[in-house]
Amino acid sequence: MTKTGMIDFRGVNKWFGALNVLKDITLSVEPREVVVVCGPSGSGKSTLIRCINGLETIRDGDLVVDGQRLGDPATNMTRLRTEIGFVFQSFNLYPHKTALENVTLAPIHVRKIPRTEAEQAGRDLLAKVGLADKVDAYPAQLSGGQQQRVAIARCLGMRPKIMLFDEPTSALDPEMISEVLDVMVAVAEEGMTMMVVTHEMGFARKVAQRVVFMDAGAIVESGTPDEFFSNPKTDRSRAFLSKILRH
Amino acid sequence: MLENFSFRTIVEYLPLFGQGLVTTVWLSLVSFAGALAVGIVLSAMNLQRGWLFRVPAKAYIDTVRATPLLAQLYFLYFGLPRLGFVLPELVVGILALSLNSGAYVAEIIRAGILSIPRGQVEAGVASGMTYVQRMRLVILPQAFKVTIPPLLGQAIVLVKDSALLSLISVAELTRAGQLLASDRFMPAEGFITIAAFYLLLYYCLKGLAALSGRWIGLQPARSST
């Protein structure tokens, strides 16, 4: 009962005004585990993972990340965030910085890694996501898929313990989705602890140990990808799956 | 009609206009530097979440924008000495222009910072940057580019406003025109000449704005998201 995972939600609630956006969430993510979060729009999936790095704050319950309790005065949130990579739906690359500068900015200024070392690591990471030839390109010169791969490299440059993905492929043209998913699969296979909000069920089947289905702010169902896709237990998850898997 | 227009007198007074022009240029430069300093402080106060700094900043900006510059100038020039602060008129003039223009500059800077998409702040937060790091590395470099053209516009306004300092006998460009008008009773010559000089200053600043616009155009575009 008291075992602690890398990310531990215990009875977490959150309100936006009168709207109960997270309802009594209890969820534990083990180190090296990959958890996919899915559910209809407005179900609280993004809010759930945004709480983990404090982009949203919770009202009650406990949220413990990497052994540190959020909201505790002893927890240095800025420090904790360096251990958590966050990939946004809309990339949010720094438009005034090149791809390499995007990757090295936080390592140099936050992690205080020497510039030459950070740049070497940055080049290696951009090569790893297949963008060795784009190190000096600005975000506006890159396609959506390329921008999102830079954004993933930017997170990896901090050598995080956890990676969070908030609908990383939802803003992409269909032909660019697989290049981003391939990078995410590679990150997962290296043993990263990941929470991924996505409707890419192929990705979930391939690398996720668990699929969590949310609806109206609550976790309705949770299980292995095989269980969840072939034998959803609730009406709501069945209805959801029938909609996203129809085509 | 035009035979009454004396170019000779204008030429005769050119050294005076020259001095006035020089004074207008340097006091505008100093005042604009002051306005930037006032504007940066005010916008920083205005962007705080707590009311302690925000409310005084807003009150100041509203007061300055709601009252005429001439009234502000007269308050500083006639009012302050009665309260025990006697300052040379040039200092009063620069102070008035800096404090007045600073309120407008504050709003330009604030708008520039707020124009940076929320996602940029979040990207900085998520990578563990402090508020100061986010401002220095992410927000201000982007906001700077957005604010240059409106700041140059404000500089043009400031140069024209500096004409009011002639009313507290600062020997700037408009004062030179007034002197010609009253010494020789030649208001047409006096004020046409200063108009030509203001036009010259205007084109200089406009040229600078165009150059900065081209420089911004050469910079990497803002992302569409």
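The values are calculated or read from the model by the stated rules, or taken from the named source; none is laboratory data. All figures in this text were calculated on a predicted structure; none of them were measured in a lab. FYI the Cβ positions are ideal-geometry reconstructions off the backbone, even for glycines, and counts take in every protein chain you see. We work out accessible area using only protein heavy atoms, side chains counted, and drop any ligands, DNA or RNA first. Shrake-Rupley method; radii C 1.70, N 1.55, O 1.52, S 1.80 Å.
Okay, residues lined up against (1) within 14 Å of another protein chain (Cβ to nearest Cβ); (2) in contact with a helix residue (DSSP H, G or I) (Cβ under 8 Å, 6 or more places away or on another chain); (3) β-branched (Val, Ile, Thr):
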{"residue": "B:Leu83", "(1), (2), (3)": "no, no, no"}
{"residue": "B:Gly93", "(1), (2), (3)": "no, yes, no"}
{"residue": "B:Ser101", "(1), (2), (3)": "no, yes, no"}
{"residue": "B:Val105", "(1), (2), (3)": "no, yes, yes"}
{"residue": "B:Gly112", "(1), (2), (3)": "yes, yes, no"}
{"residue": "B:Pro117", "(1), (2), (3)": "yes, no, no"}
{"residue": "B:Gly124", "(1), (2), (3)": "yes, yes, no"}
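Scanning the range B:32-58 for residues that are open to solvent by 60 Å² or more (accessible area, probe 1.4 Å) and in a loop (DSSP other than H, G, I, E, B) yields B:Gln48, B:Arg49. In the range B:59-176, counting only helices (runs of 4 or more DSSP H) that sit wholly within it, the ones holding 3 or more residues that are closer than 30 Å to A:Phe88 by Cβ, free of Cβ contacts under 8 Å to residues at least 24 places away in the same chain and not β-branched (Val, Ile, Thr) span B:118-126. Only helices (runs of 4 or more DSSP H) whose full extent lies in the range A:65-159 are considered here, and the ones with at least 3 residues that are open to solvent by 20 Å² or more (accessible area, probe 1.4 Å), acidic (Asp, Glu) and more than 8 Å from chain B (Cβ to nearest Cβ) are A:115-128.
Scan the range B:4-31 for residues that are outside any helix (DSSP H, G or I) and open to solvent by less than 30 Å² (accessible area, probe 1.4 Å) and the total you get is 1.
Taking the criterion of being open to solvent by less than 60 Å² (accessible area, probe 1.4 Å), over 26 Å from the mean Cα position of the chain (by Cα) and acidic (Asp, Glu), the only residue of the range B:168-190 that qualifies is B:Glu189. Taking the criterion of being open to solvent by 20 Å² or more (accessible area, probe 1.4 Å) and of a type in the set (Ser, Thr, Tyr), would at least one residue in the range A:191-199 satisfy it? Within the range A:191-199, none of the residues are open to solvent by 20 Å² or more (accessible area, probe 1.4 Å) and of a type in the set (Ser, Thr, Tyr).
What are the residues in the range A:208-224 that are outside any strand (DSSP E or B) and crowded, with 19+ Cβ neighbours inside 10 Å, if any? A:Ala208, A:Gly217 - these are the residues of the range A:208-224 that are outside any strand (DSSP E or B) and crowded, with 19+ Cβ neighbours inside 10 Å.
Condition check ((1) modelled with pLDDT of 95 or more; (2) over 30 Å from A:Pro107 (Cβ atoms); (3) charged (D, E, K, R); (4) more than 19 Å from the chain's Cα centre (by Cα)) across all residues:
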position: B:Leu80; (1), (2), (3), (4): no, yes, no, yes
position: B:Leu83; (1), (2), (3), (4): no, yes, no, yes
position: B:Pro88; (1), (2), (3), (4): no, yes, no, yes
position: B:Val92; (1), (2), (3), (4): yes, yes, no, no
position: B:Leu95; (1), (2), (3), (4): yes, yes, no, no
position: B:Leu99; (1), (2), (3), (4): yes, yes, no, no
position: B:Ile108; (1), (2), (3), (4): yes, yes, no, no
position: B:Glu122; (1), (2), (3), (4): yes, no, yes, yes
